[in-house]
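One structure below.
Every number in this text was worked out from the coordinates using simple rules, so none of it is lab data. Keep in mind that this is a model prediction, so the values were computed, not measured. With ideal geometry, Cβ positions are generated from the backbone for all residues, glycine too; neighbour counts draw on all protein chains shown.
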Amino acid sequence: MLERFHVPGEEIVLVEENRLRHVTEQFFVTQGMSIEDSKIATDVLISSDLRGVETHGVSNMLRAYLGAFRSKNLNPKPNWKIVRETPSCATIDSDAGLGIVVAPKAMEIAIEKAKKTGVGLVSLGNGRHIGMLAYHAMMALEHDMIGTCMASCGPRMVPTFSSEAAIGTNPISYAAPADKLPPFVFDAAMTSVAGNKIVLASRLGVPLEPGWIADKRGNPIMEEVYLNDFPEFENESKNLEQRYSSGNISSAVSLLPFGATREMGSHKGYSMAMVVDILSGILNGNKTAPTGEFTGQGHFLAAYSVEAFIDTKEFKTLMDQYLQSFLDLPSNSEGKEVVYAGFLEAKEQEKRMKQGIPLHPEVIDWFTSMSKELNIDSLV
Amino acid sequence: MLERFHIPEEDEIRVNPEKLREVSEQIFMKCGMNFANSKIATDVLLQADIRGVDTHGVSNMLRNYVMYLTEGSAKPNPLWKITRETESTATVDCDEGLGLVVAPLCMDIAIEKAKKTGVGLVSMGNGRHLGMAGYHAMKALKHDMIGTCMTSSTTNVVPTYASKAGLGTNPIAVAAPALNKAPFVFDAATSAIATNKVRVAQRLGVPLAAGWITDENGNPIMEETSLNIKDDPDEVSNLLQTPVGATREIGSHKGYSLGMVVDILGSILNGSLAGPLRTIKQHQNHFVAAYSIEAFIDTQTFKKMMDEYLQALEDLPPVEGQERVLYAGLIEEETAIERNKKGIPLHPEVINWFESICSELELPFSLVEDKRDN
């Protein structure tokens, strides 16, 4: 994440991982989840907080899920099932269950298939929020596999040349194992920034970069702007519970595909978002955002067995050499270290497991009132 | 393609696709290809010209292939082979053959596997240039499958924050069928633009847009800039390019990382060196995949939903100053219909190249007739 999205040092409250885990599990149980599912869901959320991906951790997501549970948009006990299957593929109906519960189970199916045929693909319809995609892709790593995860989301991105938002932020994640270096873990929205980053920017009061959002008519805003300079945009960090009742976080802020303008390649971000809709949505019959009939996320998961293609040891050694060669590249005039996707996140995880997870005071306040209201243990 | 890359109408010479096919096949055979390979290779090139992807058609690429084949950096008739295989996957050694020839055959393998297990993936090492990636992905369409093709290519893209190139332009293509509408066919470099576009810009004398290349220290140039290079394609390919996204703030790390995904699947998975470690310039490795739609859902349901989806995007009200909202593959399909009727527009410089290469290879030059007719 860019520096600006981190909670400012003087405001940080450090919370120990296990404490946060404990309270979060209790929270999910109060919403009707089984203990087993609440543990899975919590692991996905805490993993993002540990990796420094706080856009998808407890601070943004718990209150959003609470709103959706209350509006009956989330099924706490989904009876998900495989509706079609081949040796390498499966189609799943998620039964309106949270992706943070159903996707880890579906990824296990993909991994089992990949053990037998070399690859496993699972397309899931009728799903709900999937959390940090990388969690699911990374499940493949310990099996020496390459993992993929994609999510077809509600309307938020303005397609190239369109005057209105129509397609999801539709993130893509890939994870590939290395030997000694941290694994390659890519996880990004096909918009310039993830929708949840707008929430963070609102909470922290930081500016948005040129090329992130569109104006009311769909034109790319190519200068730095503050959200509160636009009377039509509410503070995105407020009312998360209300705004997440229809299966996705509704927002008046339209996002640009990554690339921002046609000349710089926005059609690539837009088209990659379409690939995600096709694999995660249409391939399982889930309604996509542009048709106007979107009701919940669709997901696509894949596991590729490395050993099916090459000796795993050789692959991992090559990966180490490959990743190291990027770390060794000299910096341009900005003077920032060259890294690869997953490198900083692995470092951050090591640090946060020791020091705790930094939360914004506003988030602590929410936890305090939530635990009182739901009658569960308090965080601090 | 952006308007600036089109040949000005007053310069273009329309050539009959079948004549162009015939000449190209003969040129490939003169360079040592057998009959079957020359037909496969030509079809890939010609599809690019017919679909309006001029960057990857005969005008830009044929001269490079002639060079590779005559200097011996690519084998005209490679003895490619499968080195490892499972029910759904294969690893292929291309034996220095052009991807133009080997990739269509590997895509056939992927499709056969997908018929049995639902999906087929092939990672291809020791390869050479494969032309328009979209061609190979599109092979899946007539089997009611989704096709993918990626190429881990020559290093000229600067990773986010770096001062040197570390990555290829590493294109990704994905094709998915629809019912009555033009299929979705996405095919794009993970750099801001394809290197071949820089060559086209040079030929047409048009400037490069902001965010396409970096200065010699790897800093993205965020204003329009002109090339000061005359007639030297080698110097053009030494230019440093940006990943799509241009700067970290607009998302260059996404283009950079997608480029790495292509390296991992296309190169490392078959044991090839990639990225900053790459040593042989002409070395290109590939990844192709086919996903059977019927393995996931009734094909008819999928195609109907695709039509609705594509139509919904087309029906979006356009932003001021634009006529319509497009999706990847739509313009290309329209162009193919037009060019099949009216011929393929070539730049006079390209016609001249054909004349000289044909005389050099002692081939009767059949494109000349078109020129006289006009």
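Neighbours of B:Pro317, meaning other residues whose beta-carbon lies under 15 angstrom from its beta-carbon, give a summed charge of -3 when Lys and Arg score +1 and Asp and Glu score -1. On the basis of the beta-carbon distance and an R0 of 51 Å, A:Leu204 and B:Ala36 show a calculated FRET efficiency of 0.25. Comparing A:Met33, A:Met190, A:Met145 in a Gaussian network model of chain A, where Cα atoms under 10 Å apart are tied by springs, the biggest mean-square fluctuation is seen for A:Met33.
For chain B, the share of DSSP beta bridges that are antiparallel, to the nearest 5, is 80%. Distance from the alpha carbon centroid of segment A:177-219 to that of segment A:280-315 works out to 21 angstrom.
Here each label is just a point 7 Å from Cα along the line to Cβ, and for A:Thr368 and A:Glu36 those points are 3.8 nm apart. Compared with the alpha-carbon gap, the fully stretched path from B:Glu320 to B:Glu223 is longer by 32.6 nm at 0.36 nm per residue.
If R0 equals 45 Å, the separation of the Cβ atoms of A:Glu224 and A:Glu85 corresponds to a calculated FRET efficiency of about 0.35.
Annotation for A:Val380 and B:Thr279: the two label points, set 7 Å from Cα along the Cα-Cβ direction, are 5.7 nm apart. Among A:Tyr270, B:Tyr65, B:Tyr135, the order by Cβ neighbours within 10 angstrom, fewest to most, reads B:Tyr65, B:Tyr135, A:Tyr270. Only Cα pairs under 8 Å and at least 6 apart count here; give the relative contact order of chain A as a rounded whole percent. It comes to 23 percent, rounded to a whole number. Full extension of the chain between A:Lys354 and A:Ile12 yields a length gain of 121.6 nm, computed as 0.36 nm times the residue separation minus the alpha carbon distance. Neighbour counting of Cβ atoms within 10 Å sorts the residues B:Lys81, B:Lys113, B:Lys75, fewest neighbours leading, into B:Lys81, B:Lys75, B:Lys113.
Put a dot 7 Å past the Cα of A:Glu108, heading toward its Cβ, do the same for B:Asp43, and the two dots end up 4.5 nm apart.
Over the residues of chain B, the helix contribution to mean residue ellipticity at 222 nm works out to -12500 deg cm²/dmol, using -39500 (n - 2.57) for each DSSP H run of at least 4. Of all DSSP bridge pairs formed entirely within segment A:7-374, close to 85 percent run antiparallel.
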